[in-house]
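Asks: Once you've had a glance at the structure underneath, I'll fire off some questions.
The values are calculated or read from the model by the stated rules, or taken from the named source; none is laboratory data. Note that the structure is predicted; figures quoted are calculated from it, not measured. Here the Cβ is made from the backbone with ideal geometry for all residues, glycine too, and neighbour counts use every protein chain on show.
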Amino acid sequence: MSRFFSETVSCPECSASNSVRIWESINVALDPDMKGKVLDFSLFVFTCEKCGSSTKLLFPLLYHNMSNSYMVNMVFPENEGDLSRTLSDISNLFLSIQAFSSDMSLVGRDYRFRAVFNPVELAEKIRIFDNGFDDRAIEIMKQDLFEQFDSEVNGGGIADILFDFSSGRPMFVTLFNNGQQTLCHFSRTTYLGIVNNMRESYGRFSSGGCEIIDRNWAREFIAATE
Ligand SMILES: [Zn+2]
């Protein structure tokens, strides 16, 4: 089930006290409405009851989709030591959930467990998994795109590349530091080639617990398997 607690937060504009919901975990199989609020980031904004101004509010969150077999943990470790401790904590949490959920036949299924560090990364994982894609192959494709751009005129000017499915088909959105963005073609042939070629290497390269599958992961994977 989804869990939250209430906390009193002062509005930065008018200082009024507001009671806001801080979500600890969201299970979209049980609370399907919550997915939209994560994808449009409205879950991480509170609107002051007194003056109506909106303020960002970030909190760690476990996003769980049982039907598509994945969990994404959004965490905000303060330093690297905290990061490995956080990852080991959430890996243990995952194992304990697996253990007591055995009658839900989670064990043995291809459950994916990821850590991300901001709502944009969380939303991207949801888009990738809910549309049936493999985030490891997606990150490898994104890394290829980064390298293509680096060798072109725009080199160095890219803020991020994100997987997108808003048009009903897969695309990449490239965000430039100057605020511009451009859509890039998604080749299903390339995607399927990566998934098939790397099926074995993924296993060798997997920690088994909670994993960070991001641009760094893709760079290390490509370097180790070339
Ligand atoms: Zn206010």
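Asks: Just need a number here: residues in the stretch 174-201 that are assigned to a helix (DSSP H, G or I) and either surrounded by 15 or more Cβ atoms within 10 Å (Cβ to Cβ) or β-branched (Val, Ile, Thr) (or both).
Replies: We begin by selecting, within the stretch 174-201, every residue assigned to a helix (DSSP H, G or I); these are 188-201.
Imposing the further condition that a residue be either surrounded by 15 or more Cβ atoms within 10 Å (Cβ to Cβ) or β-branched (Val, Ile, Thr) (or both) reduces the set to 189-191, 194-195, 198.
Here the count works out to 6.
Asks: Could you list, in sequence order, all residues of the stretch 20-49 that are within 16 Å of the ligand (Cβ to nearest atom), touching an Asp or Glu at 6+ places or on another chain (Cβ under 8 Å) and at pLDDT below 95? Please lay out each step first, then the result.
Replies: Our first condition is that a residue be within 16 Å of the ligand (Cβ to nearest atom); within the stretch 20-49, this holds for 20, 45-49.
Those left that are additionally touching an Asp or Glu at 6+ places or on another chain (Cβ under 8 Å): 20, 48.
Hit for the stretch 20-49 is Val20, nothing else.
Asks: So which residues in the stretch 1-19 are away from the ligand (no atom under 16 Å from the Cβ) and in a loop (DSSP other than H, G, I, E, B)?
Replies: Residues satisfying the conditions are Met1, Ser2.
Asks: If you go through the stretch 60-79, how many residues are of a type outside the set (D, E, K, R), more than 18 Å from Leu30 (Cβ to Cβ) and out of contact with any helix residue (DSSP H, G or I) (no Cβ under 8 Å at 6 or more places or on another chain)?
Replies: Adding up the residues that qualify gives 3.
Asks: Considering only the stretch 50-60, state which residues are more than 16 Å from the ligand (Cβ to nearest atom) and hydrophobic (A, V, I, L, M, F, W, C). Let's see the steps before the verdict.
Replies: Within the stretch 50-60, the subset more than 16 Å from the ligand (Cβ to nearest atom) is 58-60.
If the condition is that a residue be more than 16 Å from the ligand (Cβ to nearest atom) and hydrophobic (A, V, I, L, M, F, W, C), then Leu58, Phe59 are the ones that fit.
Asks: Oh, and also: Quick one: in the stretch 208-225, of everything that is over 17 Å from Pro119 (Cα atoms) and among the hydrophobic types (A, V, I, L, M, F, W, C), which residue is surrounded by the fewest Cβ atoms within 10 Å (Cβ to Cβ)?
Replies: Among those residues, the one meeting the criterion is Ala223.
Asks: Identify, from the list Phe113, Phe94, Phe117, Phe149, the residue that is among the aromatic types (Phe, Trp, Tyr), more than 16 Å from the ligand (Cβ to nearest atom), modelled with pLDDT under 90 and over 26 Å from Arg199 (Cβ atoms).
Replies: Numbers: Phe113 fails: over 26 Å from Arg199 (Cβ atoms); Phe94 fails: over 26 Å from Arg199 (Cβ atoms); Phe117 fails: modelled with pLDDT under 90.
Answer to the selection: Phe149.
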